[in-house]
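Heads up, the thing below is written out as structure tokens.
The values are calculated or read from the model by the stated rules, or taken from the named source; none is laboratory data. These numbers come from a predicted model, not from an experiment. Virtual Cβ from ideal backbone geometry, glycine too; neighbours counted across all protein chains shown.
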């Protein structure tokens with residue numbers, strides 16, 4: 001079996017209480033939360049552990065909270081294992097890409113934390129400047145959804161497109177209100193099993209994020225980024241990121257580009273990887289993987305201290 005591919009969840013996986021039992025049992029995890037609180041100047045750890053949910057879910061908080069919890073979980077695994085976790089590759093869903101880059105040594109945790117806090121702030125600002133949103137489309141061909149989005153954009157003179165190609169049968173679209181409404185209606189008429197407006201106030205991975213791209217690019221330029229120790233699969237291209245310059249382009253471009261998660265996982269499988277571990281709360285990526293390839297329908301998802309103990313017993 002190959003060294004594991006580490007998968008890290010993105011926004012939407014957050015939940016009140018995440019990381020609390022891991023921090024209670026792991027000094028290494030506690031140190032990550034304490035370091036984050038010091039860098040940010042407020043107790044984000046308390047928000048992770050105790051809520052309230054509406055504050056944790058706010059984009060500006062959810063993004064750093066997920067990074068912190070994922071890296072704290074990784075450090076807890078390594079502490080109990082007694083050595084760094086050997087990995088063959090990594091990938092993260094949208095925001096989770098930052099966790100993957102920290103795991104691979106391409107970005108130090110403090111720099112990644114500052115970046116995702118700024119990313120969340122700017123994405124929230126973009127959402128306040130232009131009305132938009134996101135919707136999940138279930139059980140409709142991805143090519144058909146792409147066509148629907150193009151036609152809706154042309155008909156309304158607005159913008160809507162695929163934000164996340166999560167797995168076969170689950171695609172998320174994103175855009176301004178007129179384009180999104182037109183695409184949702186067309187998807188229903190085309191036979192989608194379900195079309196659901198998501199409870200978010202931003203149009204992530206859409207052209208509406210272009211309003212803040214230059215400001216975020218300046219933050220990325222200021223961060224120290226290096227070649228990763230092992231491949232990190234890019235959301236935009238579903239190809240490995242191997243240089244610092246590729247990583248910078250990815251992090252900035254990701255704001256407006258779609259997350260090719262299905263393609264990313266298929267690329268890893270085609271490259272011979274057969275061992276996957278999800279690190280962070282929610283178990284979302286494990287659920288997606290079994291729909292991408294049924295051979296991987298039971299990959300471990302590490303979101304609690306009990307999960308840490310189980311995976312360490314297997315890795316030791």
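Some points to look at:
The rows are residues; the columns are (1) part of a helix (DSSP H, G or I); (2) more than 17 Å from residue 288 (Cβ to Cβ); (3) in contact with a strand residue (DSSP E or B) (Cβ under 9 Å, 6 or more places away or on another chain); (4) touching a residue at least 24 places away in the same chain (Cβ under 8 Å).
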| position | (1), (2), (3), (4) |
| --- | --- |
| 165 | no, no, yes, yes |
| 180 | yes, yes, yes, yes |
| 184 | yes, yes, yes, yes |
| 188 | yes, yes, yes, no |
| 192 | no, yes, yes, yes |
| 195 | no, yes, yes, yes |
| 202 | no, yes, yes, yes |
| 205 | no, no, yes, yes |
| 210 | yes, yes, no, yes |
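- Residue 127, sole failed condition from (1) at negative phi; (2) more than 16 Å from the chain's Cα centre (by Cα); (3) surrounded by fewer than 23 Cβ atoms within 10 Å (Cβ to Cβ); (4) modelled with pLDDT of 95 or more: (4)
- Criterion: in contact with a helix residue (DSSP H, G or I) (Cβ under 9 Å, 6 or more places away or on another chain), in the same structural domain as residue 66 (by TED's automatic domain parsing) and buried (at least 16 other Cβ atoms within 10 Å of the Cβ) - qualifying residue of 27, 9: 9
- Given (1) buried (at least 20 other Cβ atoms within 10 Å of the Cβ); (2) more than 16 Å from the chain's Cα centre (by Cα); (3) under 28 Å from residue 312 (Cβ atoms), index of the condition residue 95 fails: (2)
- Leading residue by the ranking (modelled with the lowest pLDDT) among those in the stretch 177-202 that are surrounded by 18 or more Cβ atoms within 10 Å (Cβ to Cβ), farther than 15 Å from residue 150 by Cβ and in contact with a helix residue (DSSP H, G or I) (Cβ under 7 Å, 6 or more places away or on another chain): 202
- For the stretch 73-161, the helices (runs of 4 or more DSSP H) that sit wholly inside it and include 2 or more residues that are out of contact with any strand residue (DSSP E or B) (no Cβ under 8 Å at 6 or more places or on another chain), closer than 22 Å to residue 26 by Cα and in contact (Cβ under 8 Å) with a residue 12 or more places away in the chain are 109-129.
- Every residue from the stretch 30-57 that is in a loop (DSSP other than H, G, I, E, B), out of contact with any helix residue (DSSP H, G or I) (no Cβ under 6 Å at 6 or more places or on another chain) and surrounded by 14 or more Cβ atoms within 10 Å (Cβ to Cβ): 51
- Test: residue in the stretch 143-161 that is crowded, with 21+ Cβ neighbours inside 10 Å, closer than 18 Å to residue 261 by Cα and not assigned by TED's automatic domain parsing to the domain that holds residue 283: yes
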